[in-house]
Amino acid sequence: MGKNNILITGDFCPVNRINELASSGNNRLLFNDFLPQLLNSGMVVTNLECPLTDSDSKIRKSGPSLKGSVMTAGLLADSGFNLVTLANNHIMDFGPSGMFSTIAACRSKGIGYVGVGATIDEARKIFYTVLGDVKIAVLNFSENEFSTTHNNSPGSNPLDPISNYSDIKQAKSEADYVIVIVHGGHEFYNLPSPRIKSTLRFFADAGADAVVQHHAHCHSGYEIYNGIPIFYGLGNFLFDIPEKRDSTWNLGYAVELIPGSDPSFRIIPYQQCNGEVGVKLLGGEQLNAFLENIKVMNEIIADDEALGIEFGRYCARVKKMYLSFLEPHSLQLLHVLQSRKFFPSFLSRKKRTLYSNLIRCESHRDVLIYLLDQDRNVG
């Protein structure tokens, strides 16, 4: 490749105005002053947050089903991208055909991929490449939603610290520089939970030279843990949702890694799809405010007690929503009446205690997931 830097970006989802530009191949209007960053990097990685497919056959799931044009692969290739991470919660939105269409589109343009496969063994495959005289390994895991596979069916590589540990150790034995990219976290919450912090540190202890996370649709901070940089959330890279403008949805940063005997990194903050379509580098007061916000988050991440307090506050904010998920009905009016205490909850203290144990205990959870998946796949 001739260049020794690696550029990693967050969620790229070619929908709405981005889809129009991706289909036309207009990368200069889409990437603006960020384009030189892409073209001058030895290795450029993005999380492709949806399948590239013409299929209209959605899977049964909760949440939105996303897809982009297969022509997006050409725009990515022309803009310097040479690897996409596909272990995320949307890659299977249009079933195996959508996933395989994405792989075929990327391969046709010379773009590598990591994090999915026809089976769990294929999904776990490590991506290797050589950058200068350094052998690079990239591993990609996704928190378990509707996309992950645990058997001989197609899907994305699941977050499973036991198997993930084994794969990181293998990568470390075969490569000079190991990057772990995780798709996970709490949407619209800009800090890691204590569990996430512990898990990503575990990956660093296992042998990763850098750990990067995305998914929350807002950027988070980072830390240097035993010499290993861990980035807890890059934010969206390109994801055009009109109702999300003028919010943290529109801010993020890319990570530039420079492997070698004395590895280094830098973050590259930007604004995306806020009014004008595309991504643009931050500067002036906007950049200063962004970096100050990162500094505050970094201080919280470094303090376990402060991080726990912030996670408690987040849980308090989403309490009503999560408790409504547990109610044995989906009537919006009834949810409103219950939230205003005009109608009692169906969840007694005894039932909440039972749910707590069923979800907390790994053995109970295994059975629940199996039975619920069986029911989802019927009819």
(request) Between beta-carbons, use under 11 Å as the cut-off and find the net charge around Leu21, counting Lys and Arg +1, Asp and Glu -1. (result) 0
(request) For Ile268 and Asp176, compute 0.36 nm times the residue count separating them, minus their Cα-Cα distance, and round to one decimal in nm. (result) 30.7 nm
(message) Going through the cross-link list Lys319/Lys351; Lys61/Lys341; Lys67/Lys244; Lys67/Lys109, which pairs have a Cα-Cα distance over 23 Å in this structure?
(response) Lys61/Lys341
(message) Once you keep just the Cα pairs under 8 angstrom separated by 6 or more residues, what percentage relative contact order results for segment 6-303?
(response) 17 percent
(message) List the aspartates and glutamates whose Cα sits under 20 Å from the Cα of Lys172, skipping any in the same chain fewer than 8 residues away.
(response) Asp121, Glu122, Asp133, Asp160, Asp205, Asp209, Asp262
(request) With a point put 7 Å past each Cα toward its Cβ, work out how far Arg245 is from Ser363 in nm, to one decimal. (result) 5.5 nm
(message) Please check: in the Gaussian network model of the chain (C-alpha springs, under 10 Å), which one of Leu38, Leu291, Leu30 has the largest mean-square fluctuation.
(response) Leu291
(request) Pop a pseudo-label 7 angstrom from the Cα along the beta-carbon direction at both Lys341 and Arg28 and give the gap in nm to one decimal. (result) 6.3 nm
(request) Equivalent ellipsoid semi-axes for segment 18-110, as square roots of 5 times the alpha carbon gyration tensor eigenvalues: give them largest first, rounded to whole Å. (result) 24, 13, 12
(request) For a footprinting-style exposure proxy, rank Leu287, Leu52 by other Cβ within 10 Å, fewest first. (result) Leu287, Leu52
(request) Could you check what % of the DSSP bridge pairs in the chain are antiparallel, to the nearest 5? (result) 45 percent
(request) Would you tally the net charge around Arg245, using a Cβ to Cβ cut-off of less than 13 Å, leaving Arg245 out, and scoring K and R as +1, D and E as -1? (result) -2
(request) List the relative contact order of segment 110-211 as a percent without decimals, with contacts defined as Cα pairs under 8 Å and 6+ residues apart. (result) 26 percent
(request) Find out how many positive minus negative residues lie around Asn157, taking Lys and Arg as positive, Asp and Glu as negative, among other residues whose Cβ is under 15 Å from that of Asn157. (result) -4
(message) Taking R0 as 41 Å, what FRET efficiency do you get between Asn144 and Glu285 from their Cβ-Cβ distance, rounded to the nearest 0.05?
(response) 0.50
(message) Show me, for segment 33-44, the HN-Hα J-couplings you get by feeding each phi into the Karplus relation (A = 6.51, B = -1.76, C = 1.60, θ = phi - 60°), rounded to Hz, glycine and proline as x.
(response) 7, 7, 4, x, 4, 6, 6, 9, 10, x, 9, 10
(request) Just rank Tyr189, Tyr355, Tyr370, fewest to most, by other beta-carbon atoms within 10 angstrom. (result) Tyr370, Tyr355, Tyr189
(message) Modelling each spin label as a point 7 Å along the Cα-to-Cβ direction, I'd like the Ile59/Arg352 distance in nm, to one decimal.
(response) 3.3 nm
(request) Kindly put Phe31, Phe342 in sequence by how many other C-beta atoms sit within 10 Å of each C-beta, fewest to most. (result) Phe342, Phe31
(request) Rank Gly63, Gly275, Gly284 by mean-square fluctuation in a GNM of the chain with C-alpha springs under 10 angstrom and give only the top-ranked residue. (result) Gly284
(message) Going by Cα centres, segment 254-268 and segment 46-123 are how many Å apart?
(response) 27 Å
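Each value in this text was obtained by applying a stated rule to the coordinates, not by laboratory testing. Since the structure is predicted, the reported quantities are computational estimates derived from the model, not experimental observations. All Cβ positions, glycine included, derive from the backbone under ideal geometry; neighbour counts span all protein chains shown.
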